[in-house]
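Q: Please find one structure pasted underneath; my questions will follow.
The values are calculated or read from the model by the stated rules, or taken from the named source; none is laboratory data. Keep in mind it's a predicted model, so treat the numbers as computed, not measured. For neighbour counting, all protein chains shown are included, and Cβ atoms are generated from backbone atoms with ideal geometry for every residue, glycine included. To get the accessible areas, we keep the full protein, side chains included, count just its heavy atoms, and leave off ligands, DNA and RNA. Shrake-Rupley method; radii C 1.70, N 1.55, O 1.52, S 1.80 Å.
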Amino acid sequence: MDFFIYFFITIHLHFFQAMKRVVITGIGAITPIGNTFSEFSDALLSGKSGAAPITRFDASRFKTRFATEVKGFNVTDHFERKEAKRLDRFSQFALVVADEAFVDSGLELDKIDLKRAGVIWGSGIGGFETIENDVEEATLNTGPPRYSPFLIPKLIVDIAGGHISIKYGFRGPNFTTISACASSSHSIYCAVDYIKLGRGDIMIAGGSEAAICKASFGGFSSMKALSERNDSPETASRPFDRDRDGFVLGEGAGAFVLEEYEHAVKRGAKIYAEILGCGATADAYHITAPHPDGLGASEVMEMAMKEAQINPTDVDYINVHGTSTPLGDVAEVKAITKVFGDHTFDLNISSTKSMTGHLLGAAGIAEAIACVVGITKGVVPPTINHHTHDPALDKRINFTLNNAQERDIKIAMSNTFGFGGHNSTVIIKKM
């Protein structure tokens, strides 16, 4: 019996000693407040709002007539016209941010083992705009319905990751995580696991979403999920404020090049930060509403910290899901208070959705990037648009209201939750 106990302990220790470290060596971003990582970083710290009246379609008949659109994105700056027509906007975003991250990483394709390089991408909806446009065009035709042969390849959710893989010739894992607003956070989780377990050296992970179209707005509006503050779009996303009335729909994309630590060091790569741990849980409660006590949210934070082998007091900053919905913000704060206890009042907490709006499947990666910005700059991005205290929230909590705050962030946490009760947490450490 003693032999078997010894054998089990030896194998167990060997397994954990063999776990690889995962670092971020490249970043790309397209968001409503900046079309590159650098622009996004600057806008985050200056408290810029990306909300404005909708330009992508006539929204005059809708209750909500504003969104956080990506601005100044010229497709022909990145793609030939023929190629652009074969790509939904969410795939266009994906390819552009992946390329920015790849170039930023300094990787050279002829020096990579392409069998150990992969792409794990996230999107909650995929080619929603393509579905709407093609179906409308086909059904309005008085003759036989005529659908584009590119309809299916443009709209399927996995296609963005497929395009990225093809562009770089990465022959390692290539699949898409689909968990609503937690999709790109789960893509990071999966990519980190592949590298930690020694199944790959390099992963492009992230997500993209481009669902600012009539059908999407109609659906979210019918759910009464969207803010209707049409008189002041730029202040509509106001997490933790007493008068918050729903989220602001956005679009965009982000990408990390994730790399095994020794692999990155060997080639002399620039390293932004290390991903210490991740977590994934389910509320198992309701298709859209959060658990009122934040049960799944508290469990996912605890899971991620256990994997990261840190204590609650080690965390300096939490970029919360913080969508600006009446129920969601309170439930998440309850979860944080439960997990962190008195340390809750020593944390900086902020919701960068107050600036970007809700990027749906791209939210997780955008907010993980915001954590990296905070770590590398020594500044906590703010929660803007706060005007009135919500009595349901403890006044002692530092929500980093309206202005960025200087702080030496050694460990940051990013929370992302999605319809269906999907929860994901990513923990990022300063190098």
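Q: Can you go through 100, 129 and tell me which one is over 19 Å from residue 206 (Cα atoms), open to solvent by 20 Å² or more (accessible area, probe 1.4 Å) and not β-branched (Val, Ile, Thr)? Before the answer, list the steps.
A: On the way: 100 fails: over 19 Å from residue 206 (Cα atoms).
Just one listed residue meets the conditions, 129.
Residue-wise test of (1) at pLDDT 95 or above; (2) more than 25 Å from residue 282 (Cβ to Cβ); (3) open to solvent by less than 30 Å² (accessible area, probe 1.4 Å); (4) hydroxyl-bearing (Ser, Thr, Tyr).
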| site | (1), (2), (3), (4) |
| --- | --- |
| 136 | no, yes, no, no |
| 148 | no, yes, no, yes |
| 162 | yes, yes, yes, no |
| 202 | yes, yes, yes, no |
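Q: If we keep just the residues of the stretch 273-309 that are open to solvent by 40 Å² or more (accessible area, probe 1.4 Å) and in contact with a strand residue (DSSP E or B) (Cβ under 7 Å, 6 or more places away or on another chain), which is modelled with the lowest pLDDT? Explain how you work it out, then say what you get.
A: Our first condition is that a residue be open to solvent by 40 Å² or more (accessible area, probe 1.4 Å); within the stretch 273-309, this holds for 282, 284-288, 290, 292-293, 295, 299, 302-303, 306-307, 309.
Remaining after also requiring in contact with a strand residue (DSSP E or B) (Cβ under 7 Å, 6 or more places away or on another chain): 282, 290, 299, 303, 307.
Numbers: 282: 97, 290: 91, 299: 98, 303: 98, 307: 97.
Here the residue is 290.
Q: Criterion first (under 26 Å from residue 19 (Cβ atoms), assigned to a helix (DSSP H, G or I) and open to solvent by 70 Å² or more (accessible area, probe 1.4 Å)) does residue 167 satisfy it? First the steps, then the outcome.
A: Values: under 26 Å from residue 19 (Cβ atoms): no; assigned to a helix (DSSP H, G or I): yes; open to solvent by 70 Å² or more (accessible area, probe 1.4 Å): yes.
So residue 167 does not fit the description; no.
Q: Sticking with this structure for a sec: Among residues belonging to the stretch 394-414 that are within 20 Å of residue 302 (Cα to Cα) and open to solvent by less than 20 Å² (accessible area, probe 1.4 Å), point out the one that is nearest to the chain's Cα centre (by Cα).
A: At the first step, the residues of the stretch 394-414 found to be within 20 Å of residue 302 (Cα to Cα) are 397, 409-414.
Of the ones still in play, those that are also open to solvent by less than 20 Å² (accessible area, probe 1.4 Å) are 397, 409, 411-414.
Numbers: 397: 24, 409: 20, 411: 18, 412: 15, 413: 12, 414: 9 Å.
By that ranking, first place goes to 414.
Q: Do we have residue 386 as within 15 Å of residue 237 (Cα to Cα) and open to solvent by 20 Å² or more (accessible area, probe 1.4 Å) here? Spell out the reasoning first.
A: Values: within 15 Å of residue 237 (Cα to Cα): yes; open to solvent by 20 Å² or more (accessible area, probe 1.4 Å): yes.
Considered against the rule, which asks whether it is within 15 Å of residue 237 (Cα to Cα) and open to solvent by 20 Å² or more (accessible area, probe 1.4 Å), residue 386 comes out as yes.
Q: So which residues in the stretch 32-53 are under 18 Å from the mean Cα position of the chain (by Cα), touching a residue at least 60 places away in the same chain (Cβ under 8 Å) and loosely packed, with under 15 Cβ neighbours inside 10 Å, if there are any at all?
A: None - no residue of the stretch 32-53 is under 18 Å from the mean Cα position of the chain (by Cα), touching a residue at least 60 places away in the same chain (Cβ under 8 Å) and loosely packed, with under 15 Cβ neighbours inside 10 Å, so the list stays empty.
Q: Looking at the stretch 254-272, which of its residues are buried (at least 22 other Cβ atoms within 10 Å of the Cβ) and of a type in the set (A, V, I, L, M)?
A: Passing the criteria: 255, 257, 258, 264.
Q: Which one of these is farther than 20 Å from residue 214 by Cβ and in contact with a Pro (Cβ under 9 Å, 6 or more places away or on another chain): 159, 166, 195? Full working, then the answer.
A: Details: 166 fails: in contact with a Pro (Cβ under 9 Å, 6 or more places away or on another chain); 195 fails: in contact with a Pro (Cβ under 9 Å, 6 or more places away or on another chain).
On inspection, the qualifying residue turns out to be 159.
Q: Could you check how many residues of the stretch 371-383 are farther than 20 Å from residue 235 by Cβ and either small (Gly, Ala, Ser) or within 19 Å of the chain's Cα centre (by Cα) (or both)? Steps first, please.
A: Within the stretch 371-383, the subset farther than 20 Å from residue 235 by Cβ is 371-380.
Subsequent filtering for residues that are either small (Gly, Ala, Ser) or within 19 Å of the chain's Cα centre (by Cα) (or both) retains 371-376, 378, 380.
Of the residues in the stretch 371-383, 8 are farther than 20 Å from residue 235 by Cβ and either small (Gly, Ala, Ser) or within 19 Å of the chain's Cα centre (by Cα) (or both).
Q: Give the residues of the stretch 374-400 that are of a type in the set (S, T, N, Q) and under 22 Å from residue 357 (Cα atoms), sorted by residue number. Can you show your working first?
A: Quick first cut of the stretch 374-400, residues of a type in the set (S, T, N, Q) only: 376, 383, 385, 388, 398, 400.
383, 385, 388, 398, 400 - these are the residues of the stretch 374-400 that are of a type in the set (S, T, N, Q) and under 22 Å from residue 357 (Cα atoms).
Q: Which residues, counting only those in the stretch 310-349, are open to solvent by less than 10 Å² (accessible area, probe 1.4 Å), under 13 Å from residue 290 (Cβ atoms), touching a Lys or Arg at 6+ places or on another chain (Cβ under 9 Å) and not charged (D, E, K, R)?
A: Those that are open to solvent by less than 10 Å² (accessible area, probe 1.4 Å), under 13 Å from residue 290 (Cβ atoms), touching a Lys or Arg at 6+ places or on another chain (Cβ under 9 Å) and not charged (D, E, K, R): 320, 322.
Q: Suppose the filter is of a type in the set (Ser, Thr, Tyr) and at pLDDT below 95; does residue 194 pass it?
A: Numbers: of a type in the set (Ser, Thr, Tyr): yes; at pLDDT below 95: no.
Considered against the rule, which asks whether it is of a type in the set (Ser, Thr, Tyr) and at pLDDT below 95, residue 194 comes out as no.
Here's the yes/no breakdown for (1) hydroxyl-bearing (Ser, Thr, Tyr); (2) modelled with pLDDT under 95:
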{"position": "217", "(1), (2)": "no, yes"}
{"position": "222", "(1), (2)": "yes, yes"}
{"position": "229", "(1), (2)": "no, no"}
{"position": "247", "(1), (2)": "no, no"}
{"position": "252", "(1), (2)": "no, no"}
{"position": "257", "(1), (2)": "no, no"}
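Q: Tell me which helices (runs of 4 or more DSSP H) are completely within the stretch 54-159 and hold 2 or more residues being under 19 Å from the mean Cα position of the chain (by Cα), or say none if there are none.
A: On the way: elements: 81-85, 89-105, 128-140, 151-155.
Per the criteria, 89-105.
Q: Within 21 Å of the chain's Cα centre (by Cα), open to solvent by 50 Å² or more (accessible area, probe 1.4 Å) and modelled with pLDDT of 95 or more: is that true of residue 212 in this structure? Give the derivation first.
A: Working: within 21 Å of the chain's Cα centre (by Cα): yes; open to solvent by 50 Å² or more (accessible area, probe 1.4 Å): no; modelled with pLDDT of 95 or more: yes.
It is false that residue 212 is within 21 Å of the chain's Cα centre (by Cα), open to solvent by 50 Å² or more (accessible area, probe 1.4 Å) and modelled with pLDDT of 95 or more.
Q: Quick check: is even one residue across the stretch 225-244 closer than 21 Å to residue 121 by Cβ, assigned to a loop (DSSP other than H, G, I, E, B) and open to solvent by less than 20 Å² (accessible area, probe 1.4 Å)?
A: no
Q: Could I ask something else about it? Could you grab me the full set of residues in the stretch 284-320 that are in contact with a Pro (Cβ under 9 Å, 6 or more places away or on another chain) and in a loop (DSSP other than H, G, I, E, B)?
A: Result: 285, 320.
Q: With respect to residue 76, determine if the residue is under 30 Å from residue 220 (Cα atoms), open to solvent by 70 Å² or more (accessible area, probe 1.4 Å) and β-branched (Val, Ile, Thr). Write out each step before concluding.
A: Details: under 30 Å from residue 220 (Cα atoms): no; open to solvent by 70 Å² or more (accessible area, probe 1.4 Å): yes; β-branched (Val, Ile, Thr): yes.
So residue 76 fails the test.
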